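A short write-up of the structure that comes next.
The values are calculated or read from the model by the stated rules, or taken from the named source; none is laboratory data. Here the structure is a predicted model, which is why all the values come from computation and not from measurement. When we count neighbours, we look across all protein chains shown, and the Cβ atoms used for this are built from the backbone with ideal geometry, even at glycine.
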Amino acid sequence: MLVDDAAGAAALTGYFRRHADIAVQHQCGVILETPTWRASQDWGSRLGYSAAELRRANEAAVSLLCQLRAGYQGAASSPVVVSGCIGPRADGYHPDERMGADEAQAYHAGQIGTLAGTDVDLVHAMTISYAAEAVGITRAAAEAGLPATISFTTETDGRLPDGSSLAEAVTTVDAATGRSPVYYGVNCAHPAHFAAALPGGATGARIRSIRANASRKSHAELDESPDLDTGNPAELARDYLRLRAQHPAITIVGGCCGTDVRHVQAIADAFAPHTRGGLSAGCDEAGFVGDHDGLGAVAEGELGQDALDVGFGGLAGDA
Ligand SMILES: [Zn+2]
């Protein structure tokens with residue numbers, strides 16, 4: 001893992017710094033997502049990590065971002081949030097072995113328990129492909145005393161890989177958890193895939209965060225592609241503006257596969273006339289200034305105005 005050696009840590013710091021600088025430039029908040037999308041038990045085992053080593057890797061990832069945040073507290077006029085990034089247990093696109101909510105809670109409780117012992121402000125589960133896993137993650141976070149946000153991914157038809165609609169997924173998780181997630185997001189799909197599938201009304205208003213892929217390719221095509229498809233940053237930024245015009249609850253934006261600092265810069269520039277409040281960087285970094293108790297206020301208030309969420313696509317690996 002990159003956090004394990006000095007060169008890797010320097011590369012991560014530079015990567016997140018470039019994104020945090022965009023937030024400073026636009027006077028908006030930023031969420032830094034920890035590089036821990038694959039730092040859960042099954043994936044750690046594949047790398048030969050013991051439980052103790054995995055715990056240390058999660059802690060090191062948070063500490064790297066907290067150090068970075070400390071350097072921005074003078075420059076940033078808006079919150080710098082550190083978010084503990086959680087990934088799906090199975091392959092995000094082929095959830096062959098789906099868990100029930102109880103099993104998902106038991107599995108994710110390990111990593112979430114580690115993160116709860118750090119200075120993260122919340123946990124953000126990304127690329128989730130079915131509701132029951134989201135329910136388990138949300139319950140594990142609540143048990144650990146951490147706010148949770150859930151981002152679902154969609155296929156090219158705007159539906160989750162298990163065939164359910166975004167509206168069904170949000171409604172199911174809210175019903176099973178007493179509306180416990182702070183908000184929902186969509187990630188790892190192109191706006192052309194999910195724009196028409198975003199629900200309206202009260203269910204739609206629960207979806208506040210978008211981290212799209214640069215590419216219009218399907219998950220299957222991306223999996224087989226030897227190259228990173230970086231798409232067109234200006235075009236993607238225009239897609240985001242259209243999404244926002246139709247769904248004003250979307251105030252937290254960033255990029256997923258194929259995006260990098262150019263896309264996030266283009267999106268931030270496009271949003272600039274509206275931007276106030278927050279920018280969020282990294283799938284593995286998110287940072288709210290303040291403690292856990294402050295998160296609700298930030299999520300509902302300042303980040304409610306606007307935030308950039310960046311870093312996941314470039315760093316999180318095989319999303
Ligand atoms: Zn992705």
Could you figure out which of (1) outside any loop (DSSP other than H, G, I, E, B); (2) more than 16 Å from the ligand (Cβ to nearest atom); (3) among the aliphatic types (A, V, I, L, M) isn't true of Ile150?
-> (2)
Can you tell me which residues in segment 153-169 are assigned to a helix (DSSP H, G or I) and either within 16 Å of the ligand (Cβ to nearest atom) or buried (at least 17 other Cβ atoms within 10 Å of the Cβ) (or both)?
-> Leu166, Ala167, Ala169
Where Leu228 falls short, out of the listed (1) within 16 Å of the ligand (Cβ to nearest atom); (2) of a type outside the set (Val, Ile, Thr); (3) surrounded by fewer than 17 Cβ atoms within 10 Å (Cβ to Cβ); (4) modelled with pLDDT under 55 = (4)
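Please enumerate the residues belonging to segment 235-272 that are aliphatic (A, V, I, L, M) and in a helix (DSSP H, G or I).
Leu236, Ala237, Leu241, Leu243, Ala245, Val261, Val264, Ala266, Ile267, Ala268, Ala270
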Ser63 is checked against (1) crowded, with 22+ Cβ neighbours inside 10 Å; (2) assigned to a helix (DSSP H, G or I) and fails just one. What number does that condition carry?
-> (1)
Might you let me know whether segment 71-78 holds any residue that is out of contact with any His (no Cβ under 6 Å at 6 or more places or on another chain), assigned to a helix (DSSP H, G or I) and among the aromatic types (Phe, Trp, Tyr)?
-> no
What are the pairs, 6+ residues apart or on separate chains, where a residue within segment 41-63 that is closer than 18 Å to Val123 by Cα has its Cβ under 6 Å from a residue that is among the polar types (S, T, N, Q)?
-> Arg55/Thr114; Asn58/Thr36; Asn58/Thr114; Glu59/Thr118; Ala61/Thr34; Ala61/Thr36; Val62/Thr34; Val62/Thr118
Residues (over 21 Å from Asp162 (Cα atoms) and part of a loop (DSSP other than H, G, I, E, B)) located in segment 93-145 = Gly117, Thr118, Asp119, Val120, Asp121, Gly145
Failed condition for Thr34, given (1) in contact with an Asp or Glu (Cβ under 8 Å, 6 or more places away or on another chain); (2) exposed (fewer than 14 other Cβ atoms within 10 Å of the Cβ) | (2)
State whether one or more residues within segment 192-199 are part of a helix (DSSP H, G or I), at pLDDT 95 or above, touching a Pro at 6+ places or on another chain (Cβ under 9 Å) and away from the ligand (no atom under 14 Å from the Cβ).
-> no
Among (1) aromatic (Phe, Trp, Tyr); (2) in contact with a helix residue (DSSP H, G or I) (Cβ under 8 Å, 6 or more places away or on another chain); (3) not in a loop (DSSP other than H, G, I, E, B), the one test that Trp43 misses = (2)
Are any residues in segment 255-274 touching an Asp or Glu at 6+ places or on another chain (Cβ under 7 Å) and on the phi < 0 side of the Ramachandran plot, and if so, which ones?
-> Phe271, His274
Kindly check whether there is at least one residue in segment 170-189 that is on the phi > 0 side of the Ramachandran plot and crowded, with 24+ Cβ neighbours inside 10 Å.
-> yes
Consider Ala125 carefully, then state whether it is within 18 Å of the chain's Cα centre (by Cα), within 16 Å of the ligand (Cβ to nearest atom) and at pLDDT 95 or above.
-> yes
Does at least one position in segment 276-292 carry a residue that is within 22 Å of Gly74 (Cα to Cα), within 16 Å of the ligand (Cβ to nearest atom) and modelled with pLDDT of 50 or more?
-> no
